[in-house]
Amino acid sequence: MADRLELQGRHGKSRVRVSRVWRRPAAAGGHTIVEWDVAVSIVSDCLPSYTSDDNSAIVATDSIKNTVYVKAKNCTEVVSMEEFAVILGRHFTSLYPQVSEATVTIVERPWERVAVDGKPHSHGFKLGAEKHSTEVIVKKSGNLLITSGIQGYSLLKTTQSGFENFVRDRYTLLPNTRERIVATEVTAWWRYPFEHISQIPSKPFCFTQRYQDVKKVLADTFFGPPDVGVYSPSVQNTLYLMAKEVLNRFPDISSVQLRMPNLHFLPVNLPSKENPHLVKFADDVYLPTDEPHGTIEATVSRPKSKL
């Protein structure tokens, strides 16, 4: 640039809310519905629009929004959110010569099929809790990165957790314990090893099923066997074991990032000088609080994997 400044820009559209229904007869599995919050960000050679009044290379963000709806309509068969993100990324990087990269982020609102009298309903759904998410980066060359995740996955167990033998100094008030409630709201991201569009396997590989698989492994490792559970000496140790088990079970995942805030259930204690035995509490009444809360996070990767 003449004024010796460097300029890098990108633009796109966020909070594009789209829902798609695929209608099949009950015998074929019934209807399927998804609700997605889509964000698209493109890297485009339209620098003159920043430095002058030349908008000729800008792909309007309104056009980006409209593309999301058109591509959803064009998906006549059920697709995962990861597949849909790849479809959008390939569209923007192939249709527009000036676009070199597209990042597509999608968060799914979890509509879950209901069961009536133990039978899955053909067209009835209820809203779940945790959310499936993905981020896909597609380059004009066909290179790509696919990351999937889960948000708001709340897990709790009422025993089999402790925390002791940590650093003690003049700032420490927390006592050692081998008996406490442990609760967290898991945010997880995992990266697939595919580095080019050509490496994405065709069906029967299903990103949605892998999401369900990972969610189950995370919970099973957190809780342990249903009759006895598993002892957790720290959130750090449990986090590592959860990530390690995901990598052990799924060779198509190259790295796992977990964020697990330590949400507290503080035992209630109400004695006073005037009435030291107001009521006897025996680790059965708690004050739930997430302000402030501990933050524990880590990334566990296979060798040569980057997240």
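Could you check, for segment 217-227, whether at least one of its residues is of a type in the set (D, E, K, R), open to solvent by less than 40 Å² (accessible area, probe 1.4 Å) and under 20 Å from the mean Cα position of the chain (by Cα)?
Scanning segment 217-227, I find no residue that is of a type in the set (D, E, K, R), open to solvent by less than 40 Å² (accessible area, probe 1.4 Å) and under 20 Å from the mean Cα position of the chain (by Cα), so the answer is no.
Could you list, in sequence order, all residues of segment 226-283 that are polar (S, T, N, Q) and under 27 Å from T295 (Cα atoms)?
Scanning segment 226-283 gives S232, S234, Q236, N237, T238, N248, S254, S255, Q257, N262, N269.
Is it true that some residue in segment 180-188 is among the hydroxyl-bearing types (S, T, Y) and either open to solvent by 20 Å² or more (accessible area, probe 1.4 Å) or over 27 Å from the mean Cα position of the chain (by Cα) (or both)?
Looking through segment 180-188, at least one residue is among the hydroxyl-bearing types (S, T, Y) and either open to solvent by 20 Å² or more (accessible area, probe 1.4 Å) or over 27 Å from the mean Cα position of the chain (by Cα) (or both).
Just the residues that are touching a helix residue (DSSP H, G or I) at 6+ places or on another chain (Cβ under 8 Å) and open to solvent by less than 20 Å² (accessible area, probe 1.4 Å), please, taken from segment 145-156.
I146, S148, I150, L155
What pairs come up if the first residue lies in segment 248-260 and is at pLDDT below 95, the second is not acidic (D, E), and their beta carbons are under 8 Å apart, counting only those six or more places apart or on different chains?
What qualifies is D252/Y192; D252/P193; D252/F205; D252/R210.
If you go through segment 262-282 one residue at a time, do you hit one that is under 20 Å from the mean Cα position of the chain (by Cα) and at negative phi?
Yes, segment 262-282 contains at least one residue that is under 20 Å from the mean Cα position of the chain (by Cα) and at negative phi.
Please count how many residues of segment 217-270 are part of a loop (DSSP other than H, G, I, E, B) and within 16 Å of R180 (Cβ to Cβ).
Total satisfying the criteria: 10.
If I ask for residues that are among the aliphatic types (A, V, I, L, M) and buried (at least 16 other Cβ atoms within 10 Å of the Cβ), which ones from segment 118-144 would you list?
Those that are among the aliphatic types (A, V, I, L, M) and buried (at least 16 other Cβ atoms within 10 Å of the Cβ): V136, I137, V138, L144.
I need the full set of residues from segment 270-307 which are under 30 Å from E195 (Cα atoms), open to solvent by less than 90 Å² (accessible area, probe 1.4 Å) and at pLDDT 70 or above, in order please.
Residues satisfying the conditions are I296, A298, T299, V300, S301, R302.
Any residue in segment 37-54 that is under 25 Å from S141 (Cα atoms) sitting within a Cβ distance under 6 Å of a residue that is open to solvent by 60 Å² or more (accessible area, probe 1.4 Å) and not in a loop (DSSP other than H, G, I, E, B)? List the pairs, counting only those 6 or more apart or interchain.
Short answer, once both residue conditions are applied: A39/S14; S41/R10; V43/R10.
Could you list, ordered by first residue, the pairs with Cβ atoms under 7 Å in which the first is in segment 209-223 and closer than 12 Å to L155 by Cα and the second is open to solvent by 30 Å² or more (accessible area, probe 1.4 Å) and in a helix (DSSP H, G or I), at least 6 apart or interchain?
These pairs meet every condition: T221/L241; T221/E245.
N165 is checked against (1) surrounded by fewer than 17 Cβ atoms within 10 Å (Cβ to Cβ); (2) more than 20 Å from I296 (Cα to Cα) and fails just one. What number does that condition carry?
(2)
Pick from segment 115-164 the residues that are more than 19 Å from the chain's Cα centre (by Cα) and among the small types (G, A, S): which of them is farthest from R15 (Cα to Cα)?
Looking at the filtered set, the residue picked out is G162.
Could you give every pair whose Cβ atoms fall below 7 Å, whose first residue belongs to segment 103-123 and is free of Cβ contacts under 8 Å to residues at least 24 places away in the same chain, and whose second residue is assigned to a strand (DSSP E or B) and open to solvent by 90 Å² or more (accessible area, probe 1.4 Å), counting only separations of at least 6 or pairs across chains?
Taking only residues 6 or more apart or on different chains, the pairs are E112/K126; V114/K126.
For the condition of a type outside the set (G, A, S) and touching a Lys or Arg at 6+ places or on another chain (Cβ under 8 Å), what is the one hit in F194, F223?
Of F194, F223, the one residue that is of a type outside the set (G, A, S) and touching a Lys or Arg at 6+ places or on another chain (Cβ under 8 Å) is F223.
The values are calculated or read from the model by the stated rules, or taken from the named source; none is laboratory data. Note that the coordinates shown come from a computational prediction; the quantities given were computed from them, not determined experimentally. Note that we place each Cβ from the backbone using ideal geometry, even for glycine, and neighbour counts take in every protein chain shown. Only protein heavy atoms, including side chains, enter the accessible area calculation; ligands, DNA and RNA are left aside. Shrake-Rupley method; radii C 1.70, N 1.55, O 1.52, S 1.80 Å.
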